Structure formats: C-alpha cells, structure tokens
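K.L.:
What follows is a structure written as structure tokens; I'll ask about it next.
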Amino acid sequence: MRTKLPPTTVRDNEGYLAAPAAARFLGMSLGTLGQWRFHKRYPIPYVRLGRGKRGGRCFYRKSDLVKFMEAHVMAGNGEAGLR
C-alpha cells in the first residue's frame, strides 16, 4: 500500500538535489555523504525513493543542506558557532 504525502510536506519550489548533486553542493565526495547517512553521523534529512538493489535513490532539500552548513560555521578562532 502506498502512502501519499500531505501536500504541505513537499513543495514544488523547494528544490531537491539527488545525492551526487548534494555531495557536490557540500563540497564532499558521494561516499562520505553516504557514510554519514548510513551511520547517522549528522542528522541531514533526506528522502529515499524506490527500492532498487541499494535501497533506491536519495534526495536532499537544498534548504536542509544550507541549514546544515550554517549550523557548522566556525568563528575565525576555530570555535564553532557564530550565532
């Protein structure tokens, strides 16, 4: 049985990136992003579609990637968090 997402969950204008594009956006390898997802190292929300050999394709909201990057801003002295 397929579950439909409520219309407010996914907005057409939000912009989703496939995992390879998300890795490029973050400036890391696809393997690193996959390891973070698998080991739950960082809580970056993602959507998994399909049930292929490797569990389908993963997509990330660009806004979530920006939030992740902003949460990891370092001050000039090497300490986390300018906010």
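Yes/no per residue for (1) touching a residue at least 60 places away in the same chain (Cβ under 8 Å); (2) among the acidic types (Asp, Glu); (3) surrounded by 12 or more Cβ atoms within 10 Å (Cβ to Cβ); (4) outside any strand (DSSP E or B):
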| site | (1), (2), (3), (4) |
| --- | --- |
| Met28 | no, no, yes, yes |
| Trp36 | no, no, yes, yes |
| Gly55 | no, no, no, yes |
| Tyr60 | no, no, yes, no |
| Leu65 | no, no, yes, yes |
| Glu70 | no, yes, no, yes |
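K.L.:
What single numbered condition from (1) modelled with pLDDT of 85 or more; (2) in contact with a Lys or Arg (Cβ under 9 Å, 6 or more places away or on another chain) fails to hold for Pro20?
P.N.:
Evaluating Pro20 over (1) modelled with pLDDT of 85 or more; (2) in contact with a Lys or Arg (Cβ under 9 Å, 6 or more places away or on another chain) leaves (2) as the failure.
K.L.:
Take the residues in region 49-72 that are at pLDDT below 90 and in contact with a Gly (Cβ under 7 Å, 6 or more places away or on another chain); name whichever of them is nearest to Ala18 (Cα to Cα).
P.N.:
Restricting to residues being at pLDDT below 90 and in contact with a Gly (Cβ under 7 Å, 6 or more places away or on another chain), the top hit is Arg57.
The values are calculated or read from the model by the stated rules, or taken from the named source; none is laboratory data. The structure presented is a predicted model; accordingly, all values stated were derived computationally and were not measured. Because the Cβ atoms are built from the backbone with ideal geometry, glycine has one as well, and the counts that use them run over all protein chains shown.
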